[in-house]
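The values are calculated or read from the model by the stated rules, or taken from the named source; none is laboratory data. Computed from a predicted model, the values in this text were never measured in an experiment. Using ideal geometry, Cβ is built from the backbone for each residue, glycine included, and neighbour counts are taken over all protein chains shown. With ligands, DNA and RNA removed, areas are computed over all heavy atoms of the protein, side chains included. Shrake-Rupley method; radii C 1.70, N 1.55, O 1.52, S 1.80 Å.
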Amino acid sequence: MALNFPEDFLWGGAVAANQCEGAYLADGKGLSIQDVTPKGGLGPVTPEPTEDNMKLVGIDFYNRYKEDVKLFAEMGFKVFRTSIAWSRIFPNGDDTTPNEKGLEFYDNLFDECLKYGIEPLVTISHYETPLNLAKKYDGWRDRRLIGFYETYVRTIFERYKDKVKYWLTFNEINSIVHAPFMSGGIYTEKDKLTKSDLYQAIHHELVASALATKIGHEMMPNAKIGCMILGMPVYPLTPNPDDVIKMLERDRENLLFSDVHVRGKYPAYAKRLFKEQNIEIKMEPGDEEILSNTVDFISFSYYMSICESADPTKVAGKGNLMGGVPNPYLKASEWGWQIDPKGLRYILNTLYDRYEKPLFIVENGLGAVDQLVEDETGNKTVIDDYRIQYLNDHLVQVAEAIEDGVEIMGYTTWGCIDLVSASTAELKKRYGFIYVDRNDDGTGTLERYKKKSFHWYKEVIKTNGKSLKN
Ligand code: BG6
């Protein structure tokens, strides 16, 4: 099979501010919801930040970004996806004036990328709602969040409009269904929320996202603004038609988000879904008009697929925030996430068939335990053949999808440098091409070391994918 990646394919890597920057109170930053979840996004919330929270220091990217961007440039990155920590810009979220020091940090970071010809791809909100907005307003349940987000978005668009061309409105916006605190800053415990509460918050985010797209297009005519979905293809566990219907329903739980972003309105199936689950959404006049501002591209994360079954004895396994019934044909990572490279070709095709809009794979990778060893020249490294295999196999499926006719803008591996995991806040779950010497007990020098995959990815980019093995 030909490995024909387009000449302008955007190869790169991705991180999120809260998982790598650290410096959680530096230069006027306010607290974010991540500073009070020491066990990760699905774990308990602490009243104050606690020392065991690995995100408070992260990998010290805030102070070491120059060294790190240089390493990304050495691999040949064309694009670097990161997020802006909202609470660096508006420490309380509802402030009226931004924090200049926070703005300066991202000016410097984007300049550093551009110096090497690396395009920044910026997530506006990546699981890091300012804590004050969570506590005072219950996060996105409160409609006023739309206004605070608008102020933030206008500020960063104005500031970075000449530096950033690619924007994503909310990271994995559909994950709010499973992780309302991490994804939507909703302080009320999940089991106390009604479906109406949840979908009201979702409606607010969807309106805010469409508003950001509208404002972005007005302020930056050359920018490309995309949505970002947690991509997880759903297969029926068996050909039993009941399983197939379950699959359809489960898939729509996620597709609702991309449907609104791409088609500019709620899909037809939402009516029945809302009716059967007693969901009532309060819409304001003008909301429908705002939602009609559609995205330029669809981005998504892809780690795994799941199965659905109508049989209630089939229980969900582990997975990226939303698990599903395990697939008997697939093996899993050390964290129980099932590995399915062909699922990537499948989701690329199904999304493209549905929307015919450009797609961007903005997260994919293997979280694994790495061993730092010495190579023959005495340099420290990690022989991560398992990661190379995982990424190679997924990229071959991207090439298959390109051959299928799917329009793909680029591919950014998740955690191109080791960082703190989102779901479990561990450092030992490593994704990077670059090893960071920091451990879950807080020890480590924070030194960076190139893994074997660093050299492998450099070759993949240099050959525009021709070095992949299929
Ligand atoms: C995605 C998130 O859900 O998956 C990232 O957008 C996250 O923030 C990534 O880090 C991998 O998940 P985890 O839990 O292994 O960090």
Legend entry - Which listed pairs, of K78/K224; K192/K214; K39/K380; K161/K214, have C-alpha distances above 23 Å, in listed order: K192/K214; K39/K380
Legend entry - Among M304, G336, V406 the positive-end extreme of the charge dipole of the chain (Cβ point charges): V406
Inset, instruction - Would you mind computing the Rg to Rh ratio of segment 113-247 from its alpha-carbon coordinates, Kirkwood style for Rh? - result: 1.06
Legend entry - Amide H contacts of S32 (H built 1.01 Å from N, under 5 Å, at least 5 apart or other chain): L131
Legend entry - Once the Cα gyration tensor of segment 1-60 is diagonalised, semi-axes √(5λ) in Å: 35, 14, 9
Inset, instruction - Using the heavy atoms of the protein chains and a 1.4 angstrom probe, tell me the accessible area per residue for the chain in square angstrom. - result: 39 Å²
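Just need the relative contact order of the chain here, percent rounded to a whole number, with Cα pairs under 8 Å and 6+ apart.
Result for the chain is 19 percent.
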Legend entry - Kirkwood hydrodynamic radius of segment 306-346, from inverse mean 1/r over distinct Cα pairs, in Å: 10.8 Å
Inset, instruction - Calculate the dipole size of segment 129-182 relative to its Cα centre from +1 charges on Lys and Arg beta carbons and -1 charges on Asp and Glu beta carbons; express the result in debye to the nearest 20. - result: 160 debye
Inset, instruction - Have a look at A23, T377, Q397 and report the one farthest towards the positive end of the charge dipole of the chain, computed about the Cα centre with Cβ charges (Lys/Arg +1, Asp/Glu -1). - result: Q397
Legend entry - Hz values of 3J(HN,Hα) by residue in segment 137-148 - Karplus curve (6.51, -1.76, 1.60), Gly and Pro given as x: 10, 6, x, 6, 5, 8, 4, 4, 4, 4, x, 5
Inset, instruction - Could you tell me what percent of the accessible area of the chain is made up of carbon and sulfur, with a 1.4 Å probe and every protein chain present? - result: 50 percent
Inset, instruction - Amide H neighbours of A332 under 5 Å, at least 5 residues apart or on other chains, H built in the peptide plane: list them. - result: I339
Legend entry - Fraction of beta bridges assigned by DSSP in segment 10-462 that are antiparallel (%, nearest 5): 20 percent
Legend entry - Alpha carbon convex hull of segment 10-462, volume per residue in cubic angstrom: 140 Å³
Inset, instruction - Determine the dipole magnitude for the chain: charges of +1 sit on the beta-carbon of Lys and Arg, -1 on that of Asp and Glu, nothing else is charged, the reference point is the Cα centre, and the result goes in debye to the nearest 20. - result: 320 debye
Inset, instruction - For each pair in K342/K450; K135/K165; K101/K135; K331/K450; K265/K357, compute the distance between the two Cα atoms and list the pairs where it is over 21 Å. - result: K342/K450; K135/K165; K101/K135; K331/K450
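Per-residue ellipticity at 222 nm for the chain, helices alone: DSSP H runs ≥ 4 residues times -39500 (n - 2.57), over residue total, nearest 500 deg cm²/dmol?
Per the formula, -11500 deg cm²/dmol.
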